[in-house]
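Take a look at the structure set out below.
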Amino acid sequence: LLSLVEDLRAADQAARESEERWRSAVQGSAAGIWENNFVTGTAFYSDRSKEILGYAPGDIPQRMEDWVAMIHPDDVEIGRRAIAEHLAGRKPFYEAEHRFRCKDGSYKWIQSRGRASFDANGKLVRIVGTHVDIHERKLAEERLRESSEFLDNLINSASAPIVVWDQMFRITRFNRAFAQL
């Protein structure tokens, strides 16, 4: 009996340590946590997931449909395709970058990642994942794309031949005048 009590205490201590490691890792990553439970029909969205979008803990119900409704209409299909790919076994996890509506009505880019769990009969039980704020990265990518397009247009509008090389002397850009030359 004493051995059983000691085993239970050790298991309890290991579970607490595991929980603390998980909690520290999540807090250190600044990621929000979500879970959609398909057995109970419930959902969980961490306070951090809500905070990323400017909401307080009680502002959004813990329901999947409320979160899906916050996805930008142009991005809904991205999420649906990513979930379908994962559930069909073609992707090891769900991953989508889409815009969510913030409390102030603006949209913010969020990376959602998750993994489905199935029961012994192959029935979907839940999907658990993270939300990460990638808004600044997406804005920087857009500025870079716009700058690149501007540079291409500027180079192509010049009447003099222009060619640009990289450090390995490979041509990276050239204009029509250079191509004609």
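The values are calculated or read from the model by the stated rules, or taken from the named source; none is laboratory data. Predicted, not measured: the structure shown is a model, and the values here were computed from it. Heads up, the Cβs are rebuilt from the backbone with ideal geometry, glycines too, and the neighbour counts pull from every protein chain shown. These accessible areas exclude ligands, DNA and RNA; they are computed on the full protein's heavy atoms, side chains included. Shrake-Rupley method; radii C 1.70, N 1.55, O 1.52, S 1.80 Å.
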For the range 57-70, check the following and say yes or no: at least one residue is touching a residue at least 60 places away in the same chain (Cβ under 8 Å), surrounded by 14 or more Cβ atoms within 10 Å (Cβ to Cβ), touching a Ser or Thr at 6+ places or on another chain (Cβ under 9 Å) and on the phi < 0 side of the Ramachandran plot. no
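Those residues that are outside any strand (DSSP E or B), under 37 Å from the mean Cα position of the chain (by Cα) and either closer than 18 Å to Leu181 by Cβ or at pLDDT below 90 (or both), I need them from the range 154-168; list them, please. Full working, then the answer.
Restricting attention to the range 154-168, the residues satisfying the condition of being outside any strand (DSSP E or B) are 154-162, 166-168.
Subset that is under 37 Å from the mean Cα position of the chain (by Cα): 154-156, 166-168.
Within the range 154-168, Leu154, Ile155, Asn156 meet the criteria.
Looking at the range 105-160, which of its residues are among the hydroxyl-bearing types (Ser, Thr, Tyr) and more than 18 Å from Gly54 (Cα to Cα)?
As a first pass, look at the range 105-160 and keep what is among the hydroxyl-bearing types (Ser, Thr, Tyr): 106-107, 112, 117, 130, 147-148, 157, 159.
Correct list: Ser117, Ser147, Ser148, Ser157, Ser159.
Okay, residues lined up against (1) closer than 21 Å to Gln111 by Cβ; (2) at pLDDT below 90:
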site: Ala25; (1), (2): yes, yes
site: Ala30; (1), (2): yes, yes
site: Glu35; (1), (2): yes, no
site: Val39; (1), (2): no, no
site: Arg48; (1), (2): yes, no
Per the filter on the range 86-111, residues open to solvent by less than 60 Å² (accessible area, probe 1.4 Å) and touching a strand residue (DSSP E or B) at 6+ places or on another chain (Cβ under 8 Å) are His86, Tyr94, Ala96, Glu97, His98, Arg99, Phe100, Cys102, Lys108, Trp109, Ile110, Gln111
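From the residues in the range 129-173 that are in contact with a helix residue (DSSP H, G or I) (Cβ under 7 Å, 6 or more places away or on another chain) and either touching a residue at least 40 places away in the same chain (Cβ under 8 Å) or within 30 Å of Arg113 (Cβ to Cβ) (or both), which one is most open to solvent (accessible area, probe 1.4 Å)?
Keep residues of the range 129-173 that are in contact with a helix residue (DSSP H, G or I) (Cβ under 7 Å, 6 or more places away or on another chain), which gives 131, 133, 156, 158-163, 173.
Subset that is either touching a residue at least 40 places away in the same chain (Cβ under 8 Å) or within 30 Å of Arg113 (Cβ to Cβ) (or both): 131, 133.
Details: His131: 10, Asp133: 65 Å².
Among them, the one singled out is Asp133.
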